1. Taking 35 Å as R0, compute the FRET efficiency from the Cβ-Cβ separation of residue 14 and residue 134 and round it to 0.05.
2. Report the extension gain between residue 118 and residue 22 in nm, rounded to one decimal, defined as 0.36 nm multiplied by the number of residues separating them, less their alpha carbon distance.
3. Write down Rg/Rh for the range 79-139, rounded to two decimals, with Rg from the C-alpha atoms and Rh from the Kirkwood relation over Cα pairs.
Amino acid sequence: MSDSEQKLREFLTTNPALHDGETIAVVAKGMPLGGIKKFAKDRSTMMVGGIVGALIAHSRDKKIVADDLATSMRNGVYLVATDRRLLLVAAGGMRGMPQEHLGSVERSRIQQVERGETRVSLVKMTTATFRLDDGSRLGFEFPKVDAKDADMLLRSFGV
């Protein structure tokens, strides 16, 4: 079990987000696509395009808007692949501990998952883009230290 998965399991013990019988397959920590470059440049607010309405808030039963989601993910996000859903949990603080369950997407809504690659300076990073049934996209990039977890996440979706 990875360190990220252990942190999430502890978080989910006190902040239940899993449905009855739902199990965690993989956990990976990433940033919204393009977020690492922006963070490195000016630590400005990250934009998460094309996802308005893509996620259903766990406790509020309303749609999450892109600006709120971008703000919540400024310190990173844990992508939790379960046997039923993809959950997003905001990371925060200096150690990147799980802070808040942002929302989830049923696996049945994920039409396609794409593996990619981006560069920051001379460092290659794995990217993952989830295309949903409503045409929206969720894009993430994974720092080199989290590449192994990202690979396992992508494999859990057959990529």
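FYI, it's all coordinate maths here, none of it is from the lab. Computed from a predicted model, the values in this text were never measured in an experiment. Here the Cβ positions follow ideal geometry from the backbone for every residue, glycine too, while neighbour counts run over all protein chains shown.
1. Plugging the Cβ-Cβ distance into 1/(1 + (r/R0)^6) gives 0.65.
2. 31.3 nm
3. Working: Rg = 13.6 Å, Rh = 13.2 Å.
Using Cα coordinates only, the ratio equals 1.03.
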